[in-house]
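To start, the structure itself, in structure tokens.
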Amino acid sequence: MRRSPFRNLRLAALLPALLLSSSLARAQGFGGTVSDHLVRGDSLLAQGKVSEAIVQFQEARTLCPTPAEIVASLQGEARAKLLMNEPLPAVGLLEEAATRFPEDPRASNLLYQAGFAAQRAGEGDKAIDLFRKAIDRNPTADILPPLKFQLAQAMRLRARPGEAIEVLKDFEKDFPEHGL
């Protein structure tokens, strides 16, 4: 049996391609793609396995995610922190998502959630700041009324009734059909 002298040359030429494809497969991560980790994290949160969910959300961020996936990962980890009664880290994660990706359509909602978390942590001034930032990001019509109401309530709790009145003075005229 005669061997081709080019056999080793072909193998040498294929070796970089094989190594590259193997490294691309590792870029997905041991546990799958970014989407796999996000879904698994959400599932673990629903099961009450908060620590395991945090690991999944953090792992998703290490796998070359898209901006939308990074936001989903930060938001998921923030939900987990809130379930662990750690509102300040949740504020940081939500604010990071809104700051790093200001063009994300969820930015105003992320800031709104961060404001709630700050209020829960007893950080009233921070909550007011976050609620104002959320309003400045042109929130969708479904969250604008409760967002303004929460801003006014946070101001009232911080003994700033004049500012609260200013926020709510046209509320009934601006949102006539809203239950608030």
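The values are calculated or read from the model by the stated rules, or taken from the named source; none is laboratory data. The structure displayed is predicted, hence computed values, not measured ones. Heavy atoms of the whole protein, side chains included, go into the accessibility calculation; ligands, DNA and RNA do not. Shrake-Rupley method; radii C 1.70, N 1.55, O 1.52, S 1.80 Å.
Quick notes on this one:
- Accessible area, probe 1.4 Å, largest first, for residues Lys148, Lys126, Lys169, Lys49: Lys169, Lys49, Lys126, Lys148
- Rounded to whole numbers, the Karplus 3J(HN,Hα) couplings from phi for the range 111-125 are 5, 4, 4, 5, x, 4, 5, 5, 5, 4, 7, x, 9, x, 5 Hz, using 6.51 cos²θ - 1.76 cosθ + 1.60 with θ = phi - 60°, and x at Gly and Pro.
- Shape call, the range 46-180: gyration tensor on alpha carbons, a/c limit 1.5: prolate
- Accessible surface of the range 93-172 [probe 1.4 Å, protein heavy atoms]: carbon and sulfur percent: 51 percent
- Using θ = phi - 60° and Karplus 6.51 cos²θ - 1.76 cosθ + 1.60, couplings along the range 42-47 (whole Hz; Gly, Pro as x): 4, 5, 5, 4, 5, 8
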